[in-house]
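Here's the structure we're looking at; comments come further down.
Read-outs: derived from the displayed coordinates by stated rules, not from any lab. Only a predicted model underlies this, so the values are computations on that prediction, with no experimental measurement involved. With ideal geometry, Cβ positions are generated from the backbone for all residues, glycine too; neighbour counts draw on all protein chains shown.
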Amino acid sequence: MYRYTESDKQFVRERANEFRGQTARRLGGELTEDQFRPLRLMNGLYLQRHAYMLRIAIPYGQIDSRQMRKLGLIADRYDRGFGHFTTRQNLQFNWLSLSDVPDILDHLAEVEMHAIQTSGNCVRNITSDPMAGIAPDELLDVRPYCEALRQYSTCHPEFMYLPRKFKIAMSGAQEDRAAIAFHDIGLRAVEQDGVVGWRVLVGGGLGRTPRVAKMIREFIPLDDVQSYVEAILRVYNLHGRRDNKYKARIKILVGALGADEFRRQVDAEWALIQDEKLDLDWVASIAEQFEDVDFDPNAAQFIQHQERRLTDPGFDRWMRMNVTTHRVAGYNGVYLSLKKTDVPPGDITSDQFRGVADLMDRFNQGYCASVYNQNLFFQYIRNEDLGAVYDALLPLGLATPNIGTLQDMICCPGLDYCSLANASSIPVARALNDHFANLDELYDLGEIQLKMSGCINACGHHHVGHIGILGIDKRGEEFYQIVLGGSAGTTDDDYPAVGEIIGPAVSQDDVPETLERIVDCFVENRQGAETFLQCVRRVGLQPFKDFVYGA
């Protein structure tokens with residue numbers, strides 16, 4: 001994991017101290033809210049319905065046990081005892097007092113964390129594959145390149161005031177676990193003639209105008225990634241619309257120009273800076289900081305837990321659903337489900353912060369990763385330790401064996417917190433979990449990605465859910481549109497797609513029954529081991545419309 005240099009530490013401390021002065025001027029009446037707003041947004045601080053919300057950066061999802069414990073302290077001391085993991089691998093606290101935020105930023109600086117550029121019209125937190133470095137299907141460990149781009153984009157003077165917020169994702173494996181097709185820039189490691197480089201996608205995004213990113217480069221060398229990203233940002237900064245925030249994202253510019261013309265303009269800019277290669281020796285030095293994990297050479301010989309799996313159904317379910325393969329024999333990846341049925345998706349309590357930190361030190365060499373679908377991930381669990389990890393996660397409420405099921409939904413905070421929301425999300429999530437509580441039935445259904453947003457900004461990624469739910473305001477009442485057939489596009493067969501609305505919005509009380517009908521339609525039309533998404537793509541939307549609304 002990347003460790004701050006003394007220069008990094010000084011910069012974050014000075015930035016926190018600067019914000020302390022700005023906050024004092026706001027509290028003292030020297031700054032109006034309009035004057036203070038851009039200053040707080042540059043430090044990840046939002047004013048929501050009930051309180052201030054601070055979004056803390058977790059670069060490419062990597063976090064260590066010191067940081068996890070510090071988040072638990074902040075949750076206890078300054079929030080209401082919990083935090084919320086987001087779809088950008090970040091962590092949010094939702095119940096803060098403005099006067100406490102400078103102290104919180106100082107606490108974060110102590111453990112090499114901050115909230116810089118988690119908001120505002122700048123390059124936001126770069127996201128990546130939580131399995132980076134351990135995935136069996138990995139072509140390239142992208143974490144050092146994520147860090148290189150993070151350092152390049154942090155407080156870059158030309159790109160701090162872009163037309164709109166800007167999001168980058170990187171993936172180095174055959175399976176895309178970072179949703180790169182729905183980012184402003186998506187970078188995927190590919191191999192061409194035996195050489196590893198990058199495929200470049202541009203103009204993806206969700207919100208009011210969901211778009212699948214366009215590929216503008218099939219291949220660029222590894223050391224060209226920084227200059228090519230800069231060329232893209234230059235074109236966007238010059239031509240992106242600033243007169244209308246709803247048309248300011250790069251996806252609108254790519255759509256207006258067309259992919260070919262956008263590529264031409266990017267290449268023209270790139271020609272001016274193409275000689276500015278990324279120093280791969282420097283990247284290698286960063287990579288060394290991600291290689292401080294000691295793998296046990298005897299791990300493959302450790303027990304496989306077959307006897308316990310035969311006698312402990314809960315453990316067997318957890319092994320099937322929450323444990324995944326690893327590139328090193330005898331090791332496993334383990335998902336910690338933040339989708340316990342009676343808890344808002346993505347929420348984590350202060351006790352869980354501390355409990356996870358202890359397990360990170362005990363079993364996972366001090367590390368953890370956040371996942372864009374609002375779970376956590378242990379990367380280095382030995383076969384021998386799986387039973388003990390499960391036993392320790394159970395009392396923490398983090399061993400629910402529902403990864404990949406209908407219960408494993410993405411859900412934004414919705415109207416409970418967000419001032420932009422039109423409808424609630426958390427109560428609907430709870431009602432759906434109550435309705436679909438039988439795990440064995442969910443296992444029979446197979447993978448169904450359910451994603452829910454409380455407004456059109458799509459923080460819950462509803463556009464790309466196999467089933468998507470969008471909350472809307474209908475004459476002062478909360479209603480919900482149902483979307484089917486979306487996908488973030490994890491593999492070549494599971495291509496990225498924006499789902500389609502199947503009919504009129506339904507009331508909040510009718511959402512569980514509506515999804516029940518959708519599931520019934522799937523069961524009736526399913527062929528063999530076909531997945532839900534495969535079935536929708538084969539039969540189309542009409543059978544589902546008929547089941548929901550009547551033929």
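Values computed for the structure shown
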{"read-out": "Relative exposure of W95, W198, W282, judged by other C-beta atoms within 10 Å (fewest first)", "value": "W282, W95, W198"}
{"read-out": "Sum of -39500 (n - 2.57) over DSSP H runs of 4+, divided by residues of the chain (222 nm, nearest 500)", "value": "-11000 deg cm²/dmol"}
{"read-out": "Least to most buried among D106, D440 (fewest other Cβ within 10 Å first)", "value": "D440, D106"}
{"read-out": "FRET efficiency, K277 to L47 (Cβ-Cβ, R0 35 Å, nearest 0.05)", "value": "0.25"}
{"read-out": "Aspartates and glutamates whose Cα lies under 13 Å from that of K214, excluding same-chain neighbours fewer than 8 positions away", "value": "D184, D260, E261"}
{"read-out": "Sequence ranges 317-326, 81-90, ranked by mean other-Cβ count within 10 angstrom, highest first", "value": "81-90, 317-326"}
{"read-out": "Kyte-Doolittle at least 0.0, axis length at least 18 Å by Cα - qualifying DSSP helices, the chain", "value": "225-239, 511-525"}
{"read-out": "Part-to-part distance (alpha-carbon centres) for segment 519-538 and segment 33-94, which is given in Å", "value": "40"}
{"read-out": "Cysteines, the chain, no other Cys beta-carbon under 4.7 Å", "value": "C122, C146, C155, C368, C411, C418, C455, C521, C535"}
{"read-out": "In segment 441-513, the trypsin sites (Lys or Arg not before Pro) that fall in loop regions by DSSP, at most 11 other Cβ within 10 Å", "value": "R475"}
{"read-out": "Relative contact order, percent, segment 299-396 [alpha-carbon distance under 8 Å, six or more residues apart]", "value": "32"}
{"read-out": "All lysines inside 23 Å of K339 as judged from Cα atoms, apart from same-chain residues fewer than 8 positions distant", "value": "K70, K451"}
{"read-out": "The chain: C-alpha gyration tensor shape, a/c 1.5 cut-off, then a/b vs b/c", "value": "rounded"}
{"read-out": "Which of T32, T514 has the fewest Cβ neighbours within 10 Å, and the rest in rising order", "value": "T32, T514"}
{"read-out": "Length-normalised contact order of the chain in % [C-alpha pairs under 8 Å, at least 6 apart]", "value": "12"}
{"read-out": "Cα gyration tensor shape of segment 134-287, rounded if a/c is under 1.5, else prolate or oblate by comparing a/b with b/c", "value": "prolate"}
{"read-out": "3J(HN,Hα) from dihedral phi, segment 296-309, Karplus parametrisation 6.51/-1.76/1.60, rounded to Hz, x for glycine, proline", "value": "6, x, 9, 4, 5, 8, 6, 4, 9, 6, 5, 5, 5, 5"}
